[in-house]
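Since every read-out is calculated from the coordinates, none of them should be taken as a lab result. Keep in mind it's a predicted model, so treat the numbers as computed, not measured. Positions of Cβ are generated from backbone atoms using ideal geometry, with glycine treated the same way; all protein chains shown enter the neighbour counts.
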Amino acid sequence: MDLPKEEKRELLEEQQKQEKLATEEHKLLKETDTQRVSDLEDMLKRVQADFDNFRKRYEKEKEELIEQGSAMIISKMLPVVDELEHALNEAKKHNAKEHAALEATHKNLMKLLDGEGIREMKCIGESFDPYKHEAIKSEPSDLPERKIILVLKKGYYMHDRILRHAIVIVSSGKKSNEP
């Protein structure tokens, strides 16, 4: 059965339209897929960056918590260090054997604290700093005013932070010669 020329032509045009639409649709899908892949890659990069930032923040917070825990324990040990130093000074006056044993213990303890980043504040002759020192008294001395003349309780740093403030006596200026 032969179709008239007019119908054949219409069918052919319809078929060409369908093919053209299919090609354009395929093109659009391809472009959409490419855009989608690009968007997904971008999202993946952001998620990776967020995760990396989270990991770094977690590590930093973990280190800070460990340092805070260490600082808390070491702060509680400092009175023991003070007592050991007091015993060491007394043994020096009275008993050489005890002094040698206490000195070895003190040396090992200070080496351990040094390994944890603990260091003693140097105060004598320094200017009084209310952020590092706690002055409980001022006395006349040969040193200029506001200079530390005596340390009653040593201060300590942990790395660059103050672990314990030094308790000190500060100079109030030159001694007067008046009675």
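How many residues, within segment 90-134, are under 30 Å from G173 (Cα atoms) and either of a type outside the set (V, I, T) or surrounded by 14 or more Cβ atoms within 10 Å (Cβ to Cβ) (or both)?
Taking segment 90-134 as the starting set, the residues that turn out to be under 30 Å from G173 (Cα atoms) are 119-134.
If we keep only those that are either of a type outside the set (V, I, T) or surrounded by 14 or more Cβ atoms within 10 Å (Cβ to Cβ) (or both) too, we end up with 119-123, 125-134.
Number satisfying all stated conditions: 15.
For the condition touching a residue at least 40 places away in the same chain (Cβ under 8 Å), under 22 Å from Y157 (Cα atoms) and not aromatic (F, W, Y), what is the one hit in S75, S127?
Values: S127 fails: touching a residue at least 40 places away in the same chain (Cβ under 8 Å).
Checking each option against the conditions leaves just S75.
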